[in-house]
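Just below is one structure, and these are the notes that go with it.
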Amino acid sequence: MEQPKRYLITAALPYANGQKHIGHLAGAYLPADIYVRYLKAQKRDVVFVCGSDEHGTAIPIQATKEGTTARAIIDKYHPLMEQNFKDLGIAFDVYHRTSDPLHHETAQEFFTKLNNNGDLEIKESDQYFDEEANSFLADRYIKGTCPNCSFDSAYGDQCERCGKSLSPDELINPVSTLSGKPPVKKSTKHWYLPLNRHEDFLRKWILEEHANDWRSNVLGQCKSWIDGG
């Protein structure tokens, strides 16, 4: 006998760095909630899952602004955000948090399995480093001039004015948001998941077997990445 189909619906995990408003609601959570309500009206088996992202660079940035710790920030904003969604009528079946030990254990399990199977590569690369703050800089900790629109406060991952995705190396006159000083390049090691090893599987699964499941712009972006190797 065929098992009934279960639907798992997720929405982008919001950073636990502030309360959420109608703009956040309209962007990611309202469309997902509408779809969940539609499926439930059809008597489908649905689970709607989300949670607070408590490990993003936005957390320590907010902690610096408020003169406190990252732990204090996530403990402050997680319950407020959970209540925001309830007040806005977004009904998650599960609203979790990434600081929970279960999340840590599960993430470590994924990483360990990939590493033990030889699916990860360790590479040495030059990354931006703030000598005054004695810290390597994630992309959101770097600001500079956008090469596309000349906005002088673009982040190392995206320009907030024109929306162009960026890398820190593309910024003109980059500075650290921690000290306001120009960063230097310093060698460091990172683990990488080489997706080129799985190109055939990704091409078949995304572009052939599930081509009709994606929006055209998403499918086009994925095709561009896959074709690029």
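Only the coordinates and a few stated rules stand behind these numbers; no lab work does. These numbers come from a predicted model, not from an experiment. Don't worry about glycine lacking a Cβ; one is built from the backbone with ideal geometry, like all the others, and counts go over all protein chains shown.
Where does each of 215-222, 93-100 land if you order them by average Cβ count within 10 Å, highest first? Write down the numbers at each step before the final one.
Numbers: 215-222: 11.4, 93-100: 15.6.
The most tightly packed comes first, giving 93-100, 215-222.
Which one of Thr112, Thr57, Ser179 has its Cα pushed farthest toward the positive end of the charge dipole of the chain, where Lys and Arg give +1 and Asp and Glu give -1 at the Cβ?
Of the listed residues, the answer is Thr57.
Below 15 Å, Cα to Cα, which aspartates and glutamates can Lys189 reach? Residues fewer than 8 away in the same chain don't count.
Once the sequence-local aspartates and glutamates are set aside, what remains near Lys189 is Glu121, Glu124, Asp126.
Apply 1/(1 + (r/R0)^6) to the Cβ-Cβ distance of Val49 and Asp227, taking R0 = 41 Å, and write down the FRET efficiency to the nearest 0.05.
0.80
Report, in listed order, any pair from Lys20/Lys43; Lys123/Lys185; Lys113/Lys186 with a Cα-Cα distance greater than 20 Å.
Lys20/Lys43; Lys113/Lys186
Starting from one equal scatterer on each C-alpha and no solvent at all, send me the Debye-based log10 I(q)/I(0) for the chain at q = 0.13, 0.18 Å⁻¹, two decimals.
-1.16, -1.57
Nearest 20 debye, what's the magnitude of the dipole of region 9-141 about its Cα centre given +1 on Lys and Arg Cβ and -1 on Asp and Glu Cβ?
Approximately 880 debye in magnitude.
Using +1 at the C-beta of Lys and Arg and -1 at the C-beta of Asp and Glu, which of Ala41, Leu80, His198 has the Cα lying farthest in the positive direction of the dipole of the chain?
Positive-end residue among those listed: Ala41.
Taking the chain as a whole, which cysteines find no other cysteine Cβ under 4.7 angstrom from their Cβ?
Result for the chain is Cys50, Cys222, no neighbouring Cys Cβ within the cutoff.
Figure the gain on full extension for Lys40 and His103 (residue separation times 0.36 nm, minus the Cα-Cα span) and round it to one decimal in nm.
Result: 19.9 nm gained on full extension.
If the cut-off is 23 Å between C-alpha atoms, which lysines fall inside it for Lys181, apart from same-chain ones fewer than 8 positions away?
Those lysines meeting the cut-off are Lys65, Lys143.
Report for the chain the percent antiparallel among DSSP-assigned beta bridges with both residues inside it, nearest 5.
Rounded to the nearest five, the antiparallel share is 65 percent.
Give the whole-number value, in cubic angstrom per residue, of the convex hull volume spanned by the C-alpha atoms of region 6-117.
It is 120 Å³ per residue.
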